[in-house]
Amino acid sequence: MNAPCQTAGKAPLKLLLAAPRGFCAGVDRAIDIVELSLQRYGAPVYVRHEIVHNRFVVDSLKAKGAIFVEELDEVPDGAAVIFSAHGVPKSVPAAATTRGLEWLDATCPLVSKVHRQAERQTEAGRHIVFIGHRGHPEVIGTLGQVPEGTITLVETVADVAKLAFLDDAPLAFLTQTTLSVDDTAEVVAALRVRFPQIVGPKAEDICYATSNRQSAVKTIAPSCQLVLVIGAPNSSNSLRLVEVAERCGAQARLVQRGAEIEGAWLDGVDVLGLTAGASAPEELIREVIERIGEFRTVEMDQVVTAEEKMVFKLPRQLVD
Ligand code: SF4
């Protein structure tokens, strides 16, 4: 795509638009689940935690009648509640069932796959070393799939050095889906050196959307002075895109809305990269491009590094 999109009189700017970018199949499915639940059950429908980490998406669903809460005890009896795309500990659906709440699970199927792997490894008698970011809802959800004391979180290579397992302990590793591909490879390598018997998933748990978005940034960032990543500060995959761009030698900034962008950011920038995390909608890309056009005459090139055709099935309650 080559699309000059602004007026004369402004300095030219080459914009490299990464593809794939933005919404993934898990986010599309989670938003569909909220919208279809509103149709089926009527407003309000409760959602435990931000359905995906994007304020624009959350606000649009609020406007349609979704109510976002952090814990189940904020959901009134008799209401329908949806669990976010990040997944929840097993105790959450169990508590919802005990209360007789109608619940729908918008956990991304790729996160659910990690949950099942965790159960299988525990059943096989292996202690799990889980690579992820402490406190992220996906990590809380995955740690909560198996009994306490059977899973240990590591975030870095330094954490691996501190693990106190016996050299021949039965171990398995699993990972959060939205990590840096390169950092995770280093942590896994460190685990394999310390514990050669450790078993892991055949294909890594980092999801297709996360790795495709990182590859696209690796392709454009070396030609850019600045890369803008549209995403929220609590969006793990968006933060990783900023890091990837910086490691390629570009400056990088996370932005949530076009209005945040200041003209001075573009001083000295001839080539600008643009991408979006998996929870950022295409409307925000358009908004950001429009904003950049207020300062510079943009010539845009879309750089496509992969095609994505993934679609996930909806929960049974919404298709019957
Ligand atoms: Fe699923 Fe990956 Fe999207 Fe997360 S980023 S919702 S794991 S496809």
Problem - Separation of alpha-carbon centers, the stretch 58-123 and the stretch 197-269, rounded to whole Å - result: 28
Completion exercise
Checking rank on 67-75, 231-239, with mean other Cβ inside 10 Å and highest first, the result is 231-239, 67-75
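Output the direction-averaged projected area (hull surface divided by four) of the convex hull of the alpha-carbon atoms of the stretch 126-268, in nm².
Numbers: hull surface 39.1 nm².
With the hull built on Cα positions only, its mean projection is 9.8 nm².
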Practice task
Name the residue farthest towards the positive end of the dipole of the stretch 25-108 from the options Ala63, Ser37, Ala94, assuming +1 on Cβ of Lys and Arg, -1 on Cβ of Asp and Glu, about the Cα centre.
Solution key: Ser37
Handout entry: Surrounding net charge for Leu174, when Lys and Arg each add one and Asp and Glu each subtract one, Cβ distance under 13 Å
Key = +1
Exercise for the section: Rank-order 275-283, 146-154, 21-29 by packing density, defined as the average count of other C-beta atoms within 10 Å over each peptide's residues, highest first. Expected result: 275-283, 21-29, 146-154
Exercise for the section: Have a look at Gly135, Thr152, Pro76 and report the one farthest towards the positive end of the charge dipole of the chain, computed about the Cα centre with Cβ charges (Lys/Arg +1, Asp/Glu -1). Expected result: Thr152
Handout entry: Length-normalised contact order of the stretch 25-108 in % [C-alpha pairs under 8 Å, at least 6 apart]
Key = 34
Exercise for the section: Between beta-carbons, use under 14 Å as the cut-off and find the net charge around Arg296, counting Lys and Arg +1, Asp and Glu -1. Expected result: -3
Practice task
May I ask you to compute the full-extension gain from Glu294 to Thr97, defined as 0.36 nm times their residue separation minus their alpha-carbon distance, rounded to one decimal in nm?
Solution key: 65.7 nm
Completion exercise
Candidates His53, His136, His115; GNM for the chain (alpha-carbon contacts under 10 Å) flags as most fluctuating His136
Problem - Total charge dipole magnitude, the chain, about the Cα centre, Cβ charges on Lys, Arg, Asp, Glu only, Debye to nearest 20 - result: 440
Problem - For Asp205, residues with placed amide H under 5 Å, excluding near neighbours - result: Thr175
Handout entry: With Cα atoms, 0 to 90° folded angle of helix 109-123 axis to the chain main axis
Key = 30
Handout entry: Cα-based reach from Lys113 at 24 Å (exclusive), listing lysines while leaving out same-chain residues under 8 positions away
Key = Lys90, Lys202, Lys309, Lys313
Fill in the blank from the handout: A correct Karplus calculation of ³J(HN,Hα) over the stretch 184-194, with 6.51 cos²θ - 1.76 cosθ + 1.60, θ = phi - 60°, whole Hz and x for Gly and Pro, returns 5, 4, 5, 5, 5, 4, 5, 5, 5, 5, 6
Problem - the chain - mean residue ellipticity at 222 nm from DSSP helices (-39,500 (n - 2.57) per run, n ≥ 4, rounded to 500) - result: -11000 deg cm²/dmol
Practice task
Normalising by the residue count of the stretch 110-194, find the relative contact order in percent from Cα pairs under 8 Å and 6+ residues apart.
Solution key: 38
Practice task
Give, to the nearest whole percent, the P(r) tail of the chain beyond 39 angstrom, counting all Cα pairs.
Solution key: 19
Exercise for the section: Report ³J(HN,Hα) in whole Hz for each residue of the stretch 21-28, in order, from the Karplus equation J = 6.51 cos²θ - 1.76 cosθ + 1.60 where θ = phi - 60°; Gly and Pro get x. Expected result: 8, x, 3, 10, 5, x, 6, 3
Completion exercise
Within the chain, the percent of DSSP beta bridges that are antiparallel, given to the nearest 5, stands at 5
Completion exercise
Given backbone amide H placed at 1.01 Å from N, residues whose amide H is under 5 Å from that of Asp270, ignoring those fewer than 5 places away on the same chain, are Gln225
Practice task
May I ask for the angle, rounded to the nearest 10°, between helix 236-247 and the longest principal axis of the chain, with both axes built from Cα atoms and the value confined to 0 to 90°?
Solution key: 50
Problem - Neighbour net charge for Gly78 - beta-carbon separation under 10 angstrom, K R +1, D E -1 - result: -1
Fill in the blank from the handout: Relative contact order in percent for the chain (Cα pairs under 8 Å, 6+ apart) equals 29
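Each value in this text was obtained by applying a stated rule to the coordinates, not by laboratory testing. Being a predicted model, the structure only gives us computed values, none of them experimental. Neighbour counts run over all protein chains shown; Cβ positions are idealised from the backbone, glycine included.
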